[in-house]
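Each value in this text was obtained by applying a stated rule to the coordinates, not by laboratory testing. Bear in mind that the values here come from a model prediction, so they are computed numbers and not experimental data. Note that each Cβ is placed from the backbone with ideal geometry, even for glycine, and that neighbours are counted across all protein chains shown.
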C-alpha cells in the first residue's frame, strides 16, 4: 500500500466526474488499500477516489475511533433520501475549512463491494452525511459549492496563502482536531 497525494481545492481535477468501476481485480484492491491508508494518515473519515486523482466511482469511509471498520462503496447510488439537517463538514481537499451544509439525515444506498457484489443498505446520521459528501466528489462537486460565492472566494484566497506559507516553511506535523472527509 502507498500514500497518495490528496488534491486540494481549487484543483480543476476535483471537478472531474468519476466513471463506474467495471473491473473488480487486484488493482482495485490495491487502490482501495492505498485510499484507506491515505485517509487514515490525513487524518480523515472519508475519501473519494476523485480526491486522489483516480476518476472511478469509489469511496472509502471509517467512522470508528479505532480506525478498524472501513466501509468500501463502489458505484454507489442513492435510492432514497429522508429528513434534512445542517451539519458542520470539513474536507481533506479543503484543509482547515469547516462550514454547515444541509443534507439528508437518512439514505438508502445501492453499491458494489470489492468483489463486485451488489447490495443495498440504509445509513443514518453522520455516516449518511459522510456518504453524501463523498458521493458529491464523484460528481465533481465539493462541499464549498453549497456556500456563497463570497465565502468560496475567501476560502480560495486563504488556502492559496496557506499553501505559499507551507512551501516557504518546514513541514509541520500537527494534525487537525476536527474530523474531515
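Could you tell me which of rounded, prolate or oblate describes the stretch 1-123, using a ≥ b ≥ c as the square roots of the eigenvalues of the alpha-carbon gyration tensor, with rounded for a/c under 1.5 and, failing that, prolate when a/b is larger than b/c and oblate otherwise? In terms of gyration-tensor shape, rounded.
Here the contact order of the stretch 12-165, divided by its residue count and restricted to Cα pairs under 8 Å and six or more residues apart, works out to 24 percent.
Once both labels are positioned 7 Å from their Cα atoms along Cα-to-Cβ, the gap between residue 15 and residue 115 label points is 4.1 nm.
Packing, taken as the mean count of other beta carbons within 10 Å per residue, orders the peptides 73-81, 23-31 from highest to lowest as 73-81, 23-31. Taking R0 as 35 Å, what FRET efficiency do you get between residue 162 and residue 22 from their Cβ-Cβ distance, rounded to the nearest 0.05? With a Förster radius of 35 Å, E is 0.35.
Helical runs assigned H by DSSP (4 residues or longer) give the chain a calculated mean residue ellipticity at 222 nm of -9000 deg cm²/dmol, each run adding -39500 (n - 2.57) before division by the residue total. Here the gap between residue 65 and residue 122, fully extended at 0.36 nm per residue and compared with their Cα-Cα distance, gives a gain of 18.4 nm. Relative to the current alpha-carbon distance between residue 84 and residue 141, full extension at 0.36 nm per residue lengthens the span by 18.6 nm. Highest mean packing comes first when the peptides 127-138, 84-95 are listed by Cβ atoms within 10 Å, giving 127-138, 84-95. The listed peptides 96-107, 2-13, ordered by packing as a protection proxy, come out as 96-107, 2-13 (highest mean of other Cβ atoms within 10 Å first).
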